[in-house]
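Shown next, in structure tokens, is the structure this report addresses.
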């Protein structure tokens, strides 16, 4: 079966997200190194360097997950569809909590953007759970 257009879009978004996260990781590595070399106090410089490495490694790990899921969706692998639904479902929960915090602290613009993120995430989950999209991930004759 041919790959549905929506799956292609979600896969490409995963590749774009992975690329941006790789750039962010590189920026954290370089930024931590620059700050540590420019710090007047050695202790602060060491903390900045270690902090940059830790955050860079977290970004790098998330980028690898995005890349693997993007490739899996591109190749119509069922495990990628399931993991994407799970991870985006977690994103909906966390963005929902952020929306509640935005309401509590009267951050209207942040609430607006969080609502957009939740709406897109809900659309992706609903789309990936449609029967015709699920069928595209199953091998022929299964």
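The values are calculated or read from the model by the stated rules, or taken from the named source; none is laboratory data. Values in this document were obtained by computation on a predicted structure and should not be read as measured data. Note: ideal-geometry Cβ built from the backbone for every residue, glycine included; neighbour counts use all protein chains shown.
Inspect the range 120-129 for any residue being surrounded by fewer than 17 Cβ atoms within 10 Å (Cβ to Cβ) and outside any helix (DSSP H, G or I) and give the result as yes or no. There is at least one residue in the range 120-129 that is surrounded by fewer than 17 Cβ atoms within 10 Å (Cβ to Cβ) and outside any helix (DSSP H, G or I). Restricting 39, 18, 33, 24 to those that are in contact with a helix residue (DSSP H, G or I) (Cβ under 9 Å, 6 or more places away or on another chain), under 17 Å from residue 72 (Cβ atoms) and not assigned by TED's automatic domain parsing to the domain that holds residue 127 reduces the list to 18.
Does any residue of the range 104-115 turn out to be in the same structural domain as residue 82 (by TED's automatic domain parsing), outside any loop (DSSP other than H, G, I, E, B) and within 17 Å of residue 9 (Cα to Cα)? Within the range 104-115, none of the residues are in the same structural domain as residue 82 (by TED's automatic domain parsing), outside any loop (DSSP other than H, G, I, E, B) and within 17 Å of residue 9 (Cα to Cα).
When 11, 102 are checked against the criterion of being under 22 Å from residue 131 (Cα atoms) and surrounded by 15 or more Cβ atoms within 10 Å (Cβ to Cβ), a single residue qualifies: 11.
For the range 36-50, check the following and say yes or no: at least one residue is crowded, with 16+ Cβ neighbours inside 10 Å, more than 22 Å from residue 121 (Cα to Cα) and within 19 Å of the chain's Cα centre (by Cα).
No: the range 36-50 contains no residue that is crowded, with 16+ Cβ neighbours inside 10 Å, more than 22 Å from residue 121 (Cα to Cα) and within 19 Å of the chain's Cα centre (by Cα).
Taking every residue in the range 120-132 that is assigned by TED's automatic domain parsing to the domain that holds residue 96 and in contact (Cβ under 8 Å) with a residue 60 or more places away in the chain and pairing it with any residue that is part of a helix (DSSP H, G or I) and surrounded by 15 or more Cβ atoms within 10 Å (Cβ to Cβ), at least 6 positions away or on another chain, the pairs with Cβ-Cβ distances below 7 Å are 124/10; 124/88; 127/6; 127/133; 128/81; 128/84; 128/85. The residue of the range 53-99 that is surrounded by the fewest Cβ atoms within 10 Å (Cβ to Cβ), among those that are touching a residue at least 12 places away in the same chain (Cβ under 8 Å) and outside any helix (DSSP H, G or I), is 77.
With respect to residue 31, determine if the residue is in a helix (DSSP H, G or I) and in contact (Cβ under 8 Å) with a residue 24 or more places away in the chain. In short, no.
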